[in-house]
Every structure is written in C-alpha cells, then in structure tokens.
Amino acid sequence: MPFYSPLVQEHLRNPRNVGEMPGADAIGVDENPICGDVTWLWVKIQGDLIARVTFKTRGCPAAVATSSACTEMVTGMPLATARRLTAANLAQAVGGLPPAKVHCSVLAIGALHKALAAYERARHPGS
Ligand code: FES
C-alpha cells in the first residue's frame, strides 16, 4: 500500500462531489490507456466561473482521491485559471503523491480540461 498524505486519505474515506450532474453544461472524460482507469467530470459554469463540479472515477484510490480534491479545488475558480491547472498542481494540492501514483492525478485534470474545451465548443460552435 503506497504512502498517501493525510489529505489524500481523507478524500479516499469521504470523496466529495461524486456522481453525474443533471443539467451540467459540459462533461469531460479521460482514460489512462495503460491501466484502463477512467474519470468522468461534469461542470456547471456561471459567467466566467466554475460554479459546480462532480465526478465519477472507475479507478485506483489515488485517482478517486485526486478527482475528489480536484472538484473542491476548481469550484468557484475562474475558467482562465482552471485551464492552466496541471496534474502537478493537483498532486501538490493534496500534499503530494507516491512516485508510482503521480500519473493518477492526470485523469482528473485531463477530464477537467476536456470538459472546459467541450463547454467552449458548445458556446462557439464552428469556431
Ligand atoms: Fe490507473 Fe491510478 S493506477 S490511474
């Protein structure tokens, strides 16, 4: 069992914002082709802010915990800031991840970026 920070362990015990979001403005999905783990992430946008985020992860504990932490981190965040977030930002925000689990934080960030891109495409079709 890898060593997880107290915050990762807490998100594992009590994941936040889990489940599909009816009426979401966009969804993003990211999959790790090596392990097959998947994260779905729904976003609700108000103005230039991310108003609400929910997720579902079929994957390892680190992927679940970082997805949960990601939803808390980006709720209320300006879209421009969220677009610049990296997996390293997320891993740092949860107190770090064991080296073998750093890649697990990529799923949530990948799903977030895809959801925001889908939102932009829906707002500006044809651009
Ligand atoms: Fe697949 Fe963690 S082992 S995302």
Of all residues in the range 1-56, how many are closer than 14 Å to Ala69 by Cα and among the aliphatic types (A, V, I, L, M)? 6
Residue under evaluation Val94, criteria (1) touching a His at 6+ places or on another chain (Cβ under 8 Å); (2) open to solvent by 60 Å² or more (accessible area, probe 1.4 Å), criterion not met: (2)
List the pairs whose first member sits in the range 47-59 and is at pLDDT 95 or above, whose second member is acidic (Asp, Glu) and within 16 Å of the ligand (Cβ to nearest atom), and whose Cβ atoms are under 8 Å apart, counting only residues at least 6 apart or on separate chains? Thr57/Asp37; Arg58/Asp37
Listed residues Pro2, Pro15; which is out of contact with any strand residue (DSSP E or B) (no Cβ under 7 Å at 6 or more places or on another chain) and at pLDDT below 95? Pro2
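The values are calculated or read from the model by the stated rules, or taken from the named source; none is laboratory data. Since we're looking at a predicted model, the values are computed, not measured. Every residue, glycine among them, receives a Cβ derived from its backbone with ideal geometry; neighbour counts consider all protein chains shown. Note: areas computed on protein heavy atoms with side chains; ligands, DNA, RNA excluded. Shrake-Rupley method; radii C 1.70, N 1.55, O 1.52, S 1.80 Å.
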